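Below is one structure, written out as structure tokens; comments come after it.
The values are calculated or read from the model by the stated rules, or taken from the named source; none is laboratory data. If you're wondering where the values come from, they're calculated on a predicted model, not measured in any experiment. Methodologically, a virtual Cβ is constructed for each residue, glycine included, from the backbone with ideal geometry; neighbour enumeration extends over all protein chains shown.
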């Protein structure tokens, strides 16, 4: 347990909060453990990414402490290294202090000392330049977060269809509630209900939209218009999420739930239809997987403008364990969201790769996870369209099976050329070390531009022949013409063997 106030506060290493236990369960929960959430039996058995991996508790958030000093975190990292742990999980983040940031330096040093650190990119998204420390470290295995397509919610039946609705901090129905649906429109579109409503919703289940104002404000306005319950339609892609209050006095008291934006058209067309909100919760499996979380922090890093996160893992509606004090009948389970939940997927993956390849260095393990990710799997939260921005997704969604079978390791795992003044007409080069992790072979190298407008990328040589366990060097070059288009320019460096891609890396520069 690591906190400088321990002597005065009497802290212990016990997991009082639920965050660390949830993270630990994702890493190493026993293989095929039954789970129940809010009385709903999950229809499959849960396993950690690395079932029964040896866990070490280096608690920097003892008791109810919510903020940790960098010095205490550093002490915990060094203690874990001294105790012989192969992988560290850091589901935490904070403000970065440039290239001299204490924790980013520590992560880089310990990686070179052969310990992998998986680190949360942060929950400060959306938007570029939001990646937090120490997820911003060059040698961190930094995690972005995407959706898992399931949740436990209240069944809502309307017109013979059943859809799932997520609750949160607001009231829920205690017995099944059946009333007409009252669709609230404003200028022909579903209303956000951010001001007093003029029409009567007496005896109706109001349908309104997320956005503009707090959930508390809009639900209160619907209640004041007579609504007996409220359904709030999400305004981003993915499953419905738990709604929180805004902490103001006079919170609304009517039951309130969120439904997915994909249900919007059907619900708006069902105005006046008999609608039933069930008091008995159910498990819902959906098609809303692999959507980037809106909160997931994005790169590039400050000062040196490197690609972050490195790779994306499940971080929305992640099911894992929580301490027994949080439920009436242990063992306790819950759905959490955050890049904190994505990070243990990467830590567990790194543990599996190390187990399968104990002679690989930390850098090779990290590259195996990053450079074998599924590049075209992720979608935008705005409209579920393909997401390809490297500073949102890194190299893509992790693929553990591909990581275990990695053929090569790249160092660095992404290629960043920093910021280039628009009128400078610069050319820059970055050397990438390619280590052959398997049998001797030849690898073809290509760079595919994902953007254009005055910036081009190339790689030399086009072929590397590398003996087993040996390394070669490829040089990636960026050419920016004078007056090149401002903002982001990116490409993908691909390595292939026998016509099959064995690794890929993000390539990036910023024109200012």
Odd one out for residue 87, checked against (1) surrounded by 23 or more Cβ atoms within 10 Å (Cβ to Cβ); (2) at pLDDT below 95: (2)
statement: Checking 369, 352, 404 in turn, the sole residue that is under 21 Å from residue 306 (Cβ atoms) and either at pLDDT 95 or above or not assigned by TED's automatic domain parsing to the domain that holds residue 143 (or both) turns out to be 369
Single residue of region 210-225 satisfying the filter (touching a strand residue (DSSP E or B) at 6+ places or on another chain (Cβ under 9 Å) and assigned to a loop (DSSP other than H, G, I, E, B)) that is farthest from residue 286 (Cα to Cα): 225
Count of region 1-26 residues which are crowded, with 17+ Cβ neighbours inside 10 Å, within 27 Å of the chain's Cα centre (by Cα) and farther than 16 Å from residue 334 by Cβ: 1
- request: Go through 484, 491, 474, 505 for me and flag whichever is in a loop (DSSP other than H, G, I, E, B), on the phi < 0 side of the Ramachandran plot and buried (at least 17 other Cβ atoms within 10 Å of the Cβ).
  value: 484
task: Would you mind stating whether residue 242 is out of contact with any helix residue (DSSP H, G or I) (no Cβ under 7 Å at 6 or more places or on another chain), in the same structural domain as residue 159 (by TED's automatic domain parsing) and touching a residue at least 12 places away in the same chain (Cβ under 8 Å)?
output: yes
statement: In region 27-44, residues that are surrounded by fewer than 12 Cβ atoms within 10 Å (Cβ to Cβ) and assigned to a loop (DSSP other than H, G, I, E, B) total 5
message: Quick check on region 242-256: of everything there that is within 22 Å of the chain's Cα centre (by Cα) and surrounded by fewer than 22 Cβ atoms within 10 Å (Cβ to Cβ), which residue is nearest to residue 337 (Cα to Cα)?
response: 242
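Listed here are the residues, each with its yes/no results for (1) surrounded by fewer than 24 Cβ atoms within 10 Å (Cβ to Cβ); (2) under 16 Å from the mean Cα position of the chain (by Cα).
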residue: 369; (1), (2): no, yes
residue: 374; (1), (2): yes, yes
residue: 385; (1), (2): yes, no
residue: 389; (1), (2): yes, yes
residue: 398; (1), (2): no, yes
residue: 410; (1), (2): no, no
residue: 413; (1), (2): no, no
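This table checks each residue for (1) in contact with a strand residue (DSSP E or B) (Cβ under 9 Å, 6 or more places away or on another chain); (2) not in a strand (DSSP E or B).
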{"position": "227", "(1), (2)": "yes, yes"}
{"position": "236", "(1), (2)": "yes, yes"}
{"position": "242", "(1), (2)": "yes, yes"}
{"position": "248", "(1), (2)": "no, yes"}
{"position": "252", "(1), (2)": "yes, yes"}
{"position": "257", "(1), (2)": "yes, no"}
{"position": "265", "(1), (2)": "no, yes"}
{"position": "270", "(1), (2)": "yes, yes"}
message: I'd like to check something: does region 130-142 contain any residue that is more than 24 Å from residue 419 (Cβ to Cβ), assigned by TED's automatic domain parsing to the domain that holds residue 76 and under 11 Å from the mean Cα position of the chain (by Cα)?
response: no
query: Is there a residue in region 300-317 that is assigned to a loop (DSSP other than H, G, I, E, B), crowded, with 22+ Cβ neighbours inside 10 Å and out of contact with any strand residue (DSSP E or B) (no Cβ under 8 Å at 6 or more places or on another chain)?
result: yes
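So if I check each of 99, 105, which one is assigned by TED's automatic domain parsing to the domain that holds residue 298 and in contact (Cβ under 8 Å) with a residue 60 or more places away in the chain?
Of the residues listed, the single one that is assigned by TED's automatic domain parsing to the domain that holds residue 298 and in contact (Cβ under 8 Å) with a residue 60 or more places away in the chain is 99.
Looking at 94, 127, 168 in this structure, which one is out of contact with any helix residue (DSSP H, G or I) (no Cβ under 6 Å at 6 or more places or on another chain), closer than 30 Å to residue 414 by Cβ and at pLDDT below 95?
Values: 127 fails: at pLDDT below 95; 168 fails: closer than 30 Å to residue 414 by Cβ.
Answer to the check: 94.
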query: Being within 23 Å of the chain's Cα centre (by Cα), closer than 19 Å to residue 308 by Cα and either touching a residue at least 60 places away in the same chain (Cβ under 8 Å) or not in a loop (DSSP other than H, G, I, E, B) (or both), is that true of even one residue in region 322-338?
result: yes
message: Quick test of your reading of the structure: residue 295 fulfils all but one of (1) buried (at least 24 other Cβ atoms within 10 Å of the Cβ); (2) within 19 Å of residue 128 (Cβ to Cβ). Name the failing condition by number.
response: (1)
- request: For region 76-84, state whether one or more residues are over 26 Å from residue 129 (Cβ atoms), without any contact (Cβ under 8 Å) to a residue 40 or more places away in the chain and part of a loop (DSSP other than H, G, I, E, B).
  value: yes
query: Any residue at all in region 171-178 that is within 13 Å of residue 257 (Cβ to Cβ), at pLDDT 95 or above and either in contact with a helix residue (DSSP H, G or I) (Cβ under 6 Å, 6 or more places away or on another chain) or not in a loop (DSSP other than H, G, I, E, B) (or both)?
result: yes
message: Residue under question is residue 232, and the condition is that it be crowded, with 18+ Cβ neighbours inside 10 Å and part of a loop (DSSP other than H, G, I, E, B); does it hold?
response: no
statement: Listed by first then second residue, the pairs whose first member lies in region 4-26 and is part of a helix (DSSP H, G or I), whose partner is at pLDDT below 85 and surrounded by fewer than 15 Cβ atoms within 10 Å (Cβ to Cβ), with beta carbons under 9 Å and at least 6 positions apart or on separate chains, are none
query: Out of all the residues in region 45-56, is one or more part of a helix (DSSP H, G or I), surrounded by fewer than 17 Cβ atoms within 10 Å (Cβ to Cβ) and free of Cβ contacts under 8 Å to residues at least 40 places away in the same chain?
result: no
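Table: residues versus (1) crowded, with 24+ Cβ neighbours inside 10 Å; (2) farther than 30 Å from residue 367 by Cβ; (3) touching a strand residue (DSSP E or B) at 6+ places or on another chain (Cβ under 8 Å).
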{"residue": "142", "(1), (2), (3)": "yes, no, yes"}
{"residue": "145", "(1), (2), (3)": "yes, no, yes"}
{"residue": "156", "(1), (2), (3)": "no, yes, yes"}
{"residue": "169", "(1), (2), (3)": "no, yes, no"}
{"residue": "180", "(1), (2), (3)": "no, yes, yes"}
{"residue": "185", "(1), (2), (3)": "no, yes, no"}
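Can you tell me how many residues within region 144-164 are over 22 Å from residue 315 (Cβ atoms) and outside any loop (DSSP other than H, G, I, E, B)?
Number satisfying all stated conditions: 8.
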